[in-house]
Structures are given as structure tokens and as C-alpha cells.
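Quick notes on the structure that follows.
The values are calculated or read from the model by the stated rules, or taken from the named source; none is laboratory data. Treat the numbers as computed from the prediction; the structure is a model and nothing was measured. Backbone-built Cβ (ideal geometry, glycine too); neighbour counts: all protein chains shown.
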Amino acid sequence: MVLRTLQRRIAVVFVGLLVLVMSLIVGLVTQSNRRMVASETARELEVGSHVFQRLVEQNQRQLETAATVLSGDFAFREAIATQDRATVHSVIRNHGLRIGAQVMMVISPDGVVMADTQQPLKPGRAFQFVDLLTSAQSAGKSSGFRQMQDGFPYQIVLVPISAPKLIAWVAMGFQVDDHWSAELSEITGLTVSVVRRQGNGVSLLASSLDGARRLALVQALKAAPDSVSGVLAIGQEQYQTLQMPMAQDLFVVLQRSLAQAQAPFKSLQTVLLIVVLGGVVLFALGSVLLARRIGQPVNALAASARRIEDGDYSQAVPRLPLDEIGQLALSFDHMRERIASREEKILRLAYEDTLTGLPNRTRFLETLHERLGSGSGAVVLLNIDRFASINHALGNAVGDRLLVEIGKLLGQLTPTPTLVSRLWGDEFAFLLCGSDRAQAQSFAQMLLATLSHPITLEGQRLDVDGSLGLALYPQDGKDAVVLLRGADHAMLAAKRRRLGYDFASSNAAQPVYEQLSLVGEMREALARNEFVLYYQPKLDLVARQVCGAEALLRWQHPVRGLLPPAHFVPFAEQTGFIREITPWLLERVVEQTARWCAADMEITVSANLSALDILNPALVAHVRSLLAQHGLAPGLLCLEITESALMDEPELALAHLTELSALGVKLSIDDYGSGQASLGYVKTLPVNELKIDQAFVTGVTQSSKNAAIVRSTILLSHELGLLVTAEGAETTSDLSWLSEAGCDVAQGYGIARPMPADALAGWVADYVSQHASAHGAL
Amino acid sequence: MRCFPLARWLVLLPLVGASAFGATVDASVRTSAGNPLENAVVVLEPLSVAPAKRRRTVTIEQKDREFLPYVTVVETGTLVEFPNRDPFKHHIYSFSPAKVFEIKLYADKPVLPVLFDKAGEVALGCNIHDWMEAYVLVVNTPHFGKTGVNGNTTIRDLVPGRYHLRVWHPQQQTEAPQREIEIVAGTAPQHLNLQAKVLPRTPKPKPPLDADKY
């Protein structure tokens, strides 16, 4: 289309210009032709009239000469001199034939007609053209045009007959007829007509015109009696006309046909028109060819451009002759190469993780998306355990190198997964196309086995563990994001439960779509007061009395009933919605604690803070204002933070903790032992309490290792001046062991399950009364 | 040819004789403008006595493609010779009623002289030289004279008596009617002042001779 347009445009411009120029030329030629025809006709008529006059004169002289010669003929003279009428008559007839004169007359010197071939029976009359005779008498001879009795005009020549004295005049008349007109017409190139004008009457005496035009001429002359010269229309034709008097009432009408004069110009114009049309056609063809010659390379370039547009950089731009377009093609080809290499680089950057050289998250998602449609498979998510601590302890450079080493390791796995990718940070993903649950599981086991080999970096042996989340498609989802989230949850679950790996299907009981709508629901839940706080009592193992309680969030879901925090808190943390929940929670807790305090139940209530809460700059001010608002002693509020929550931004977290501590609020390290934090690190924090993770506490009596860890932790914590709380004390034997081990506080089902706030006061009263007797019993 | 000097003598003799006893007329012819008129012919015809005729021979030459002389006056019955002095032929003719004749192409001298036996004016022409022109006036009297350049002529040996006087000229428009005059005897010449109305002579163009004189 572009080509065609270009062609058309070139053709139109070229041909249009040519047509313009040619029209100008044709117009000018036509105009000048018209002028030339007019002037040429006038000139021709003028020249023709001169020629005509000269011809007539010449003719006259010739006739005179001939007549003179004839009159010199001895026998002629003799016959006339002898006055023998019969002889004279026959001799003039004979000599008239000789010279071609239609009329012969012999006139005596005194003007009496002696013989007349036209009217042989009337001799003796006077010669009718006295003027001719007079001028002949003075000039020796005379001639002129006269109309004779028969109605025809004659060219009459009067010459003397001398013997040797003038004995007579002989008049010879040459008829002016159509033949005469035709001959003169042929020589002059004009139409020659002889007319007689008498008043308004016009009679045509002779003409070179044909029959129809004769009548038309007479009509025209009658219509324009006075016009001596000018353009006269005879029928359809235009004639440049000149009238000249011949004698008295005789006129010769000389005419030049304009059409005839135009004829050569017409043919010139026709030729010119043919040349112009031919030129235009040739030009059109030429310009189309030219346009095609220009257009074809352009077309080729356009095709190349379209290929490039479609992302096909493989085909080189065709080599063209090195004219301007060829140069363009060359530059175009260079451009193609540059774009190809640049795109390759961009693609690499876009789809490759620069650190490990593995495909990145985008690539993984795209590939996963592509593969989801066909068949089944598994997505495996790997998160390196304790990577944040390694990064923190050994520096980012080492962390990066560790990731590179892990990347290498993952790149050499057998069986090779369809795709190995680093999603971000310490998280890797694997796509196992065609794998079923069993194959995915064996892959996970193989992967964990591979990772269990220590990695040596700069002479340091690093033990690397990972948690895996497995999501199977299409069972766990048909969408890449859903699958990855499922795998992520499974991975988090595996990490939390130290399972090594977990399946998304076993981790997420509820359908995936429910998780998706969770944020919106949570927001509504907050507005509708569907979140409720349950309190789990904490028992002072020394004083044997309830010293506090931990506030635990529950969601009184209108459809699904009471949801434990594990079902929505990780999600709230992931999405950041926790930052909306925590202020509400803190307010409830402070308010409740103050109420209990007022009811003379002075217990310390703990609330959990997530990593996001710790980093929230408004946290401290909020806590301060809550305490002031409810008039609660800061020491009655305890904030629990997991060690991992401190790892994202340790400095800021530490600053906030320091401020909270300065307020007088108690701080506690939650889930101690599940993360990588050492006591050495905890020591630097302004915390009052250490909560040993339930993983160590539950069943501590059965595991000597756990017992050793708990015992040493208690000892060390006490050494550091920290209060120790054991979570997950489920049995009375646990409680006894803990009590013996010197643990300060215990919490768990062994004491009480979490309960609504209203129930706590009653439970505490019951417990005190029960255990007072039990204590008493001890 | 031998007779030619003799003829001349014969012509001269009576003139000389007549002068001894006749009267003489001096005629002077002038044009209307008063100029002397050459080649005018003055003819005196006696009313009473018819003089005895004498057969005479006169010569009109063709020389240099001209007639010589231009005007000749002869008495009726005169023979005129037309000798050709040109190296080429001539073809002389006359269609005049007084004498119609034609001498077809000839050289030297025609075989016979032409007899002018009828009074009148004879115009001579040459058929092959249109400009050649001569006039012969044939009269019935021996008394006549032809004017020279000065317009004068003398007629001698006139017997006193009454005469018809006639003046003629080739270019004369109309001839004046004859009148009678009285010639008286005496020694002194009688003067006649005559007038003639003539048209100027317009000689026909004469082409120059060719290199080889033809």
C-alpha cells in the first residue's frame, strides 16, 4: 500500500507536472496558432492579392504581346487591309482561335466596328468601350476587364494593326470564367470570384468556388455589401475576404479559407497532442517504473522492518545497490543488528537473575504460565533457612556469594527440573513439568539432600538448610500467582514446622480463592468487630499464681466460625494489613488490662508485634498515648517480638525497642530458639523476658536434648538478668520440670487454653482457689 | 545598272529646261505651331492643260533597315525600283488602295519595278521589319515638291495658269481641301506659305543590329 501510494505519488507528481507544462505548451501553441492563422491568413490574402494583381497584369501583357504578334501577322493584316468582310471575319475567327480569344473585333481607327465574332451580323456600330479605344489611341494599346453582351466579363486587349500605318484596331476578348478563376486560384492559393455589383444586387460571374458555396458567397456579399475586406462567413466556413474593383461595377473577390489556413496548424496541433499524450503515457510508465525501482527496495526495507517489528532479527536486510536507499538499507541492517543485540541483552536482563545467572522471577512466571495450560506438574519453592542471619553475621558480600554457590548447585541438579529460577533474595523456584506428587516429593528430598552438604566459602564451612513448598498443578491452582502463593505458604509452613518440605494442598485447607478475598474480609472484619482477643494465662512458677496473660487474636468469622491466627495472621503480615490490626489490638489489650487492674486483678498482659509493627515509626507514640489514655502502668504491658521480626532492619527495630523500654513497657523475645538469634545478640536488646519456643518445651521431659537446651537457656538467661517464660507447657509434668529447672513463668494448655477476656477473671479466681488448696496440699 | 545614270540625267534635263521658261513657286510648309515641316508634299495640279506624261523610274532604297527616302512623290505611271542595300532580305508590301503590292523576300533588286499607276497615298511596310515605313504619294501632275528640314520646297517650270494646290503629309490628320491658285509668269519665285496639321511621327521601335549585323 505504501509502495503503491509512493508510486502513485511519484507518478502523479511527475505526470501532473508534465501535463501542466504540456497544457501550457499546447495552450500557448493553440493561442499562437490562432494568432498566426489570423495574421497568416491576412498576410496570405495580401500576398495573394498582390500575386493576383501581378498575374492579371502579366496575363494582360502576355495577351497584349500575343495580340501584338498576331496583329503583326502579314496575312491577318492583309486580310484586314483589303477590307474584304468575309475574309476579315474568317481571319479574325481563325486568329482568335489561334490565340485563344473568345471574342475578336476589328475596329476602324475612327472607332467603328468593322467585324465582330460575337455579333457577326451587326457591323458598322461604334465600339462600345470608348475608353479603351481612347487609351489605346494615346498609348498604342490598351486592355481591361469589361462585361460583354453575353453577360460574361472579358479581359479585352486592344492593339493596333499597322500596314505599317494604323489601319485598324483589333480587340481580343478573353473570357473571364470559372476556368480563369480556377487557374488564378491555383496560383494565388486564394479563391477567386468575379462579381458584379449593381446597387444592392450581386451577381456572381465567375468563381473558383463550387456550386453550393457560390450561392453562399452571393448571399454573404449581399448581406455585407460594403465590406471591402474582413472575415466573411460562407456557409459554415470562415473566409478572410478582400474585394478589389476590376472595372466599374466588376469586382474581384479574393478569399482565403481560415479552415484551410488552420489545417496545417490543426495537424500540427494533432501531432502535438499525440506527442503530448504519448509523452504523458511514456512519462507515466517511466515514473511508475522509477517509482517501482525506488519502491521495491523500500518495500524490501518495509518487509524487513515488519520482521523486526515482529521480533525476528535473524534475517539480514537485503543487500541493495549502494545508492541512497542502499545506504539506508545498510544503516537499517546495522540498526537491526544493534537492536537484536540490545534486545538480547534486555531479555537477558529481564529474564535473568544477574547474581546467579539463573532465570529470574519474571521468566519463571512466564514459563509457568506457558506450561500451565498443558499437562500437569509441580512448582517447588525453596527458601534458604537462616539466610538473614548469615547475611547479617557475615556480610552481604558473603551472602551474595553463598547465593551464587547455591545457584550453581541448583543448576546441576539431577534429574534436571524444567526450570530453575531465583525469585528474589534467598528464594528459589523450580518448575517440574510432568511431575506428579510422588516425583515432586522425591525431587524435594533430593534437593534437601543436595543442600545438606556444607558449602565452603573463604575457608568457612556453611551449613545451609532450606525449606521447600510444593504446589501441584492443576490440583492446587491453574494460575501461576496462585500456585506460587500456595507453594510459598507451604514453604512457610514447612519452615515453621521444620518439616523440610510441605505440600500446598496439605497446608491450605481452605480453597485458594478464599485466601484471595481475605484482605477485603479482614478489613470488613475489623470494621464489624469480628476480631476478638483471647487471653492465655501465664503462671508464675515460683509464686504459683497467675502473673499475666498473652493476648491472642481470633477471628469470629461469620461463616467459618472462630479462626486461629495461623489462618490469617501470616497473610495479614504478608499483605501489611497487620499494621491496621495491631493498633486495634494494642488498644483492646491496654483497655482490658486497665479494666482488670481497676478490678484489682493486676496482671501483665502481652501482645504480639510483627516485624512491620516494630518498624512502624508511630508505634511508640501510639503505645505511650494508649497508656496515658487508660492510665495503665507501663509495666503491666508486655510486647512480644519474634527474633526474626528484628532481622529486617535491626537498627530501627532496636531504636524502637529502646524507646518502648524507656517508656517502661516490658519487652519479650518470642519463640526463642526457632530462629537464628543467639543469646549474645539478645543480650544487646533492651528486653526483659525470653520466651522459649514451644518446640523445645513441649515434651521436654521426653527429650534430654530439649531439656538440656531449655535448662541451659534458663541458666544463661538468668545470668543475663532475663525472665524466662516457657511456652507450650502442656502437661503437669512439663510444669513440674520447668519449675524444677528454675523457669520463671510457664504458659500452655497445661495451665489453660486461651479464653475470652470475660472468662479470665473467673478462671483466675478459680485457679487461685484450686491451687491455694493444692499448694496447701504440697 | 547602266541605265541608272542615264535615267538621272533624263530626269534632270527637263527641269533644267523648264527653268529656262517657267514660273517658280517657293513653298514653305509649317505646322500649326509654326515649325517648319519636313517631308510635306506640295502638289500643284494644272486645271487646264494636262501635261504630257513621261514614264519615269524612281528608286526607294532599303538601307540600314529603313526605307530611303521616307516620303516619295511620283506622277501616276511611275515605276519605282526597290533596291535592297542591306545584306539581308526584305519583304515590302503595301495594302493601300492606290497600290497593293508585295515583293516577297528578296535581295539586291527585285526582278521588276513596281508601277504606280493610280493616284493616291501608298503606305509601304516591310513584313519582317515592322518599323520600316515609307510613303509614296501618287499624283496626276508632274508639279510637286517635298519639303526639307527647313520646311521649304521649290516647284519650278510651271506654266502660268491656274492650279489646284494640295498639301500632304504622312502624319497629316486631315487634309485641307484643295484650293486653286494662280501662277503668274515672272522671274521672281512666287511664295506660298502653307500650313499642315500633323501628328508627331512616332517611329516604331527599331532594335539595334545584332553583332553579326542581322
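The table below lists the values:
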quantity: Residue match in the stretch A:514-531 (condition: under 30 Å from A:Leu735 (Cβ atoms) and modelled with pLDDT of 80 or more); calculated: no
quantity: Scan of the stretch A:640-680 for residues that are free of Cβ contacts under 8 Å to residues at least 12 places away in the same chain and either among the polar types (S, T, N, Q) or under 30 Å from A:Leu735 (Cβ atoms) (or both), ordered by number; calculated: A:Ser678, A:Gly680
quantity: Boolean, A:Glu78 is within 10 Å of chain B (Cβ to nearest Cβ) and surrounded by fewer than 20 Cβ atoms within 10 Å (Cβ to Cβ); calculated: yes
quantity: Sole residue being closer than 29 Å to A:Phe152 by Cβ, loosely packed, with under 15 Cβ neighbours inside 10 Å and at pLDDT below 85, chosen from A:Arg54, A:Arg85, A:Arg35; calculated: A:Arg85
quantity: Helices (runs of 4 or more DSSP H) fully within the stretch A:508-618 counting 1 or more residues that are under 26 Å from A:Ser668 (Cα atoms) and under 53 Å from the mean Cα position of the chain (by Cα); calculated: A:569-575, A:578-598, A:611-615
quantity: For B:Pro97: the one exception among (1) part of a loop (DSSP other than H, G, I, E, B); (2) surrounded by 15 or more Cβ atoms within 10 Å (Cβ to Cβ); (3) within 14 Å of chain A (Cβ to nearest Cβ); calculated: (2)
quantity: Unique match (being modelled with pLDDT of 90 or more and either charged (D, E, K, R) or within 26 Å of A:Thr593 (Cβ to Cβ) (or both)) among A:Asp734, A:Asp744; calculated: A:Asp744
quantity: Enumeration of residues in the stretch B:154-177 that are part of a loop (DSSP other than H, G, I, E, B) and in contact (Cβ under 8 Å) with a residue 60 or more places away in the chain; calculated: B:Val159, B:Pro160, B:His169, B:Pro170
quantity: Those residues of the stretch A:121-178 which are among the β-branched types (Val, Ile, Thr) and without any contact (Cβ under 8 Å) to a residue 40 or more places away in the chain, in sequence order; calculated: A:Val130, A:Thr134, A:Val176
quantity: Those residues of the stretch B:178-202 which are free of Cβ contacts under 8 Å to residues at least 24 places away in the same chain and among the charged types (D, E, K, R), in sequence order; calculated: B:Arg179, B:Glu182
quantity: Qualifying positions in the stretch B:137-167 - under 16 Å from B:Val71 (Cβ atoms), surrounded by fewer than 19 Cβ atoms within 10 Å (Cβ to Cβ) and among the hydrophobic types (A, V, I, L, M, F, W, C); calculated: B:Val149
quantity: A:Leu738 aliphatic (A, V, I, L, M), under 27 Å from A:Ile614 (Cα atoms) and crowded, with 18+ Cβ neighbours inside 10 Å; calculated: no
quantity: Checking A:Asp73 against (1) in contact (Cβ under 8 Å) with a residue 24 or more places away in the chain; (2) among the charged types (D, E, K, R); (3) within 14 Å of chain B (Cβ to nearest Cβ), the condition it does not meet; calculated: (1)
quantity: Cβ pairs under 8 Å, 6+ apart, first in the stretch A:464-477 and touching a residue at least 12 places away in the same chain (Cβ under 8 Å) and under 10 Å from A:Ala504 (Cα atoms), second assigned to a loop (DSSP other than H, G, I, E, B) and charged (D, E, K, R); calculated: A:Leu472/A:Asp436
quantity: Flag for A:Gln53 being away from chain B (no Cβ under 14 Å), without any contact (Cβ under 8 Å) to a residue 24 or more places away in the chain, closer than 28 Å to A:Val253 by Cβ and out of contact with any Pro (no Cβ under 6 Å at 6 or more places or on another chain); calculated: no
quantity: Residue pairs meeting the criteria (Cβ under 7 Å; at least 6 apart or on separate chains; first within 14 Å of chain A (Cβ to nearest Cβ), in the stretch B:125-153; second of a type in the set (Gly, Ala, Ser) and part of a loop (DSSP other than H, G, I, E, B)); calculated: B:Gly125/A:Ala163; B:Asp130/A:Gly72
quantity: Matching residues, the stretch A:317-334, being exposed (fewer than 14 other Cβ atoms within 10 Å of the Cβ) and within 23 Å of the chain's Cα centre (by Cα); calculated: A:Ser331, A:His334
quantity: Filter result (more than 15 Å from B:Pro83 (Cα to Cα), assigned to a loop (DSSP other than H, G, I, E, B) and either of a type in the set (A, V, I, L, M) or within 9 Å of chain A (Cβ to nearest Cβ) (or both)) within the stretch B:104-124; calculated: B:Ala119
quantity: Residues located in the stretch A:73-132, provided they are assigned to a helix (DSSP H, G or I), touching a helix residue (DSSP H, G or I) at 6+ places or on another chain (Cβ under 6 Å) and among the hydrophobic types (A, V, I, L, M, F, W, C); calculated: A:Phe76, A:Ala79, A:Ile80, A:Val88, A:Val91, A:Ile99
quantity: Enumerated strands (runs of 3 or more DSSP E) restricted to the stretch A:407-491, each holding at least 3 residues that are over 19 Å from A:Asn360 (Cα atoms) and out of contact with any Cys (no Cβ under 7 Å at 6 or more places or on another chain); calculated: A:455-457, A:460-462, A:466-473
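Residue by residue, here is whether (1) closer than 30 Å to A:Gln260 by Cα; (2) away from chain B (no Cβ under 14 Å); (3) of a type in the set (Phe, Trp, Tyr) holds:
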position	(1), (2), (3)
A:Gly151	no, yes, no
A:Ala163	no, no, no
A:Val192	yes, yes, no
A:Gln198	no, yes, no
A:Leu204	yes, yes, no
A:Asp210	yes, yes, no
A:Leu217	yes, yes, no
A:Thr241	yes, yes, no
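Residue by residue, here is whether (1) in contact with a Pro (Cβ under 6 Å, 6 or more places away or on another chain); (2) touching a residue at least 40 places away in the same chain (Cβ under 8 Å); (3) not assigned by TED's automatic domain parsing to the domain that holds A:Val47 holds:
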site	(1), (2), (3)
A:Lys222	no, no, no
A:Val253	no, yes, no
A:Leu290	no, yes, yes
A:Pro297	no, no, yes
A:Gly311	no, no, yes
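Quick grid of which residues meet (1) in contact with a Lys or Arg (Cβ under 9 Å, 6 or more places away or on another chain); (2) β-branched (Val, Ile, Thr):
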| site | (1), (2) |
| --- | --- |
| A:Arg43 | no, no |
| A:Glu46 | no, no |
| A:Ser49 | no, no |
| A:Asn59 | no, no |
| A:Ser71 | yes, no |
| A:Asp84 | no, no |
| A:Val91 | no, yes |
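Listed here are the residues, each with its yes/no results for (1) among the small types (Gly, Ala, Ser); (2) modelled with pLDDT of 90 or more.
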position	(1), (2)
A:Phe428	no, yes
A:Ser452	yes, no
A:Gln460	no, no
A:Met491	no, no
A:Tyr501	no, no
